[in-house]
């Protein structure tokens with residue numbers, strides 16, 4: 001039988017916490033940027049302007065058809081070259097975190113935009129008509145009437161997507177960036193205790209995501225919906 | 001940026017000389033398709049059972065099924081894969097036998113089982129939603145006709161539920177192909193891994209990634225076309241979307 005030895009975990013906690021901070025940072029940036037860009041995409045998709053609507057549809061379909069691993073590999077290839085060319089960065093600067101953030105934000109925006117589009121479409125047509133009847137412009141109607149209601153309906157879905165996103169950040173492993181999972185893997189490999197560290201990482205993710213989805217469920221029920 | 005485009009690279013021989021770089025990508029494509037399809041069959045079977053169990057009026061069975069779904073939905077796919085591949089062979093009794101088989105078979109089996117369990121939790125949720133969306137009368141009608149509860153599930157509720165949930169199952173089916181790219185992390189030479197290998201050997205990163213991305217788009221289109229036919233044939237008359 002396998003002899004467990006958990007002794008390498010306590011000493012590694014500060015390092016694992018550093019990794020967790022990277023995971024949370026990427027999650028946070030991707031949520032904020034993803035929702036902002038996703039809202040713009042959803043508005044373009046629903047607009048009457050052909051080219052804008054086609055662009056948004058193409059963007060969303062492209063990102064939703066390609067594996068996240070592939071998207072991340074693309075961004076680890078392109079973003080560093082782009083940053084170097086535009087900002088004149090030293091080639092040795094570590095751009096992996098920035099690349100990961102850009103990649104996740106652009107990728108998640110495609111998923112957020114579909115949620116937000118459904119949210120906007122769930123607002124009754126009469127609301128839009130009423131806003132225009134009051135003399136509001138498109139921007140005012142969106143900002144003051146439609147989006148606030150749409151977002152209220154979407155909160156549970158947006159939060160669920162955020163939990164999925166948090167789980168997906170573990171994929172920055174492909175760039176050897178030390179997020180929480182990367183840190184756990186490195187410690188496990190260093191101490192020859194991969195079994196314990198991987199089980200520990202799995203347990204931590206489970207506790208975080210399970211509690212978060214429990215909170216989302218309660219919030220949803222509390223809304224009376 | 002001065003990048004040297006070289007699309008001819010795909011027809012060049014690989015260093016070992018037995019095939020071209022295009023051959024690598026196609027063998028990766030084959031691996032991705034085989035892996036995803038076999039995992040999908042397992043996921044569908046497991047997910048149907050668990051999904052049905054979530055709706056049965058037996059508390060401990062429904063509780064077990066709920067725990068199963070939560071377990072596989074709240075741990076990242078990558079972590080699950082590493083646990084299947086690195087951890088379970090160490091701590092389970094049959095692990096030594098597993099470690100003696102061909103390494104490629106080990107990677108394939110771990111990937112297949114991992115994707116199957118991961119996806120089965122999602123399939124189970126769809127099956128449950130499908131069963132719960134059926135009018136109560138369907139179950140009662142089955143029971144009133146003298147069917148036992150298992151018979152009612154088998155002949156009335158499950159066939160109906162599956163016809164309703166074809167669209168969400170299509171998106172899970174698409175996801176399994178995309179998720180299979182994660183298996184490149186344990187060294188399985190599927191499509192994404194072959195693409196990276198091509199970059200390592202030739203430094204033609206853009207050509208390689210474009211080709212791999214196009215192949216994934218192609219898989220996506222084929223799956224959607226197939227599922228559209230399935231959807232057409234299984235549509236329930238009288239429901240939204242039916243003609």
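Quick check on the protein assembly as shown: take the gyration tensor over C-alpha atoms, sort the square-rooted eigenvalues as a ≥ b ≥ c, and tell me if it's rounded (a/c under 1.5), prolate or oblate.
rounded
What number in nm² do you get for segment B:98-165 if you take the convex hull of its Cα atoms and divide its surface by four?
6.2 nm²
Mind jotting down the three principal axis lengths of chain B based on Cα atoms? Whole angstrom, largest first.
72, 51, 31
What length, rounded to one decimal in nm, is gained on full extension from residue A:220 through to residue A:53, with 0.36 nm per residue of separation minus their alpha-carbon distance?
57.0 nm
Remind me, relative contact order of chain A in percent, using alpha carbon pairs under 8 angstrom and six or more residues apart?
After rounding, I find 29 percent.
Within a 10 angstrom radius of the beta carbon, how do A:186, B:232, A:125 rank from fewest other beta carbons to most?
Exposure proxy ranking, most exposed first: A:125, B:232, A:186.
Would you mind giving the mean number of other chain beta-carbons within 10 Å of the Cβ of each residue in B:207-214, as a whole number?
So the per-residue partner count for this stretch is 3.
Stokes-Einstein diffusion coefficient for segment B:126-224 at 4 °C in a medium of 1.567 mPa s, Rh from the Kirkwood formula over Cα pairs: what value in µm²/s?
77 µm²/s
Going by how many other Cβ atoms sit within 10 Å of their own, how do A:60, B:113 line up, fewest first?
The order, fewest Cβ neighbours first, is B:113, A:60.
Which order do peptides B:118-130, B:66-78 fall in by mean Cβ count within 10 Å, highest first?
In decreasing order of mean packing, B:118-130, B:66-78 become B:118-130, B:66-78.
Find the relative contact order for chain B and round it to a whole percent, using C-alpha pairs within less than 8 Å whose residues are 6+ positions apart.
This gives 27 percent for chain B.
Please find the FRET efficiency linking residue A:24 to residue B:138, where r is the Cβ-Cβ separation and R0 is fixed at 45 Å, and quote it to the nearest 0.05.
0.45
Can you give the FRET efficiency to the nearest 0.05 for residue A:81 and residue B:22, using r as the Cβ-Cβ distance and R₀ = 25 Å?
The formula returns an efficiency of 0.45 here.
Can you tell me what the convex hull of the Cα atoms of segment B:9-104 projects to on average, as an area in nm²?
Projected over every direction and averaged, the Cα hull of segment B:9-104 covers 9.3 nm².
Please order A:177, B:188 by the number of other Cβ within 10 Å, starting at the fewest.
Least crowded to most crowded, the residues run A:177, B:188.
Would you mind giving the average projected area, over all directions, of the Cα convex hull of segment A:8-142 in nm² with one decimal?
12.3 nm²
Quote the convex hull volume per residue of segment A:108-164, based on C-alpha atoms, as a whole number of Å³.
Given the Cα convex hull of segment A:108-164, per-residue volume reads 67 Å³.
What shape does chain A have by the C-alpha gyration tensor, where a ≥ b ≥ c are the square roots of the eigenvalues, rounded means a/c under 1.5, and otherwise prolate means a/b greater than b/c and oblate the rest?
oblate
Set the Förster distance to 25 Å, then compute FRET efficiency between residue B:67 and residue B:91 from the Cβ-Cβ distance, nearest 0.05.
Efficiency computed from Cβ-Cβ geometry: 0.80.
How big is segment B:173-243 in terms of Cα radius of gyration and Dmax, in angstroms?
According to the Cα coordinates of segment B:173-243, Rg and Dmax are 17.2, 57 Å.
Coordinate-derived values only; no laboratory data. As the structure is a computational prediction, the values presented were derived from the model and not from experiment. Cβ sites come from the backbone with ideal geometry, for glycine too, and all protein chains shown count toward neighbours.
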